[in-house]
Amino acid sequence: MPKKLSHYDHAGRAKMVDVSPKSPTKRTAAASAFVAMKPAVLKALPKNPKGDALEVARLAGIMAAKRTSELIPMCHPLPLGHVDVTLRLCKNGVAITSQVTTTAATGVEMEALTAVSVAALTVYDMCKALDKGIEIREIVLEHKTGGKSGDYVRARKKK
């Protein structure tokens, strides 16, 4: 049977998927993003007068995951059991990852993606005074577990 988009009714109108018949199960998701910036901006991060940019971004990502259903119209509000956001300085930017867990009737992919997206936007906000050309790249779902569609692991690109 071919897959179909689940957020549309028979007339093509947007709808929230009815998950009420589903039993709550443990579900996890991880996502990542990358914020590319010049070496001079990276070097200035520890001296940011706005504060610790990576810590502010980490907290923003956690807070965003908890508010995903308020930001994305068809997302269900979920009881998040755990949200972890990490930021790591790299040679040419900041690598961001999130891990989100719930026990619910639907998955947490959107919460994981929202966490890294808002964390990346926060890094941009904290650093934009030095360079407006900072780029947010590669926001992707890395893996997810649980649910009817089963587990998913992102295929790695060959280098």
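For the pair Leu71/Leu89, report the inter-label distance in nm, with labels modelled 7 Å from Cα in the Cβ direction.
Inter-label distance under the simple model: 2.6 nm.
Based only on other Cβ atoms within 10 Å, what is the fewest-to-most ordering of Val17, Val56? Walk me through the numbers on the way to the answer.
Working: Val17 14, Val56 18.
By the 10 Å Cβ count, ascending, the order reads Val17, Val56.
Please determine, in degrees from 0 to 90 and to the nearest 10, the orientation of helix 109-127 with respect to the longest principal axis defined by the Cα atoms of the chain, where the helix direction is its Cα long axis.
Once rounded, one gets 20 degrees.
Measuring from centroid to centroid over Cα atoms, what is the spacing of region 76-155 and region 22-37 in Å?
Each part reduced to its Cα centre gives a spacing of 6 Å.
So, in region 32-159, how many Lys pairs have Cα atoms under 15 Å apart, if the pair is 8 or more places apart or on different chains?
Numbers: Lys38/Lys91; Lys38/Lys128; Lys38/Lys132; Lys43/Lys91; Lys43/Lys128; Lys47/Lys128; Lys50/Lys128.
Close lysine pairs under the 15 Å cut-off: 7.
First select every other residue whose beta carbon is under 11 angstrom from the beta carbon of Ile134; then total the charges, Lys and Arg +1, Asp and Glu -1. All intermediate terms of the calculation are to be shown ahead of the outcome.
Details: positive: Lys38, Lys128, Lys132, Arg137; negative: Asp125, Asp131, Glu135.
Summing Lys/Arg as +1 and Asp/Glu as -1 gives +1.
Would you compute, for the Cα atoms of region 25-153, the largest minus smallest coordinate along each principal axis and list the three values in descending order, in whole Å?
Largest first, region 25-153 extends 47, 26, 22 Å along its Cα principal axes.
Identify the residues of region 70-112 with backbone N under 17 Å of a label point that sits 7 angstrom from the Cα of Ser23 along the Cα-to-Cβ direction, or state none.
From region 70-112, the list is 103-107.
Expected output is a single nm value to one decimal: the length gained when fully extending between His143 and Lys47, i.e. 0.36 nm times separation in residues minus the C-alpha distance. What is it? Kindly include the intermediate steps, with their values, before the conclusion.
Numbers: separation 96, 0.36 × 96 = 34.56 nm, distance 3.46 nm.
The His143-Lys47 span can extend by a further 31.1 nm.
Each reported figure results from applying straightforward, stated rules to the coordinates on display, with no laboratory input. Note that the structure is a prediction, hence the values are computed from the model and not measured. Glycine gets a Cβ as well: all are built from the backbone with ideal geometry, and neighbour counts include every protein chain shown.
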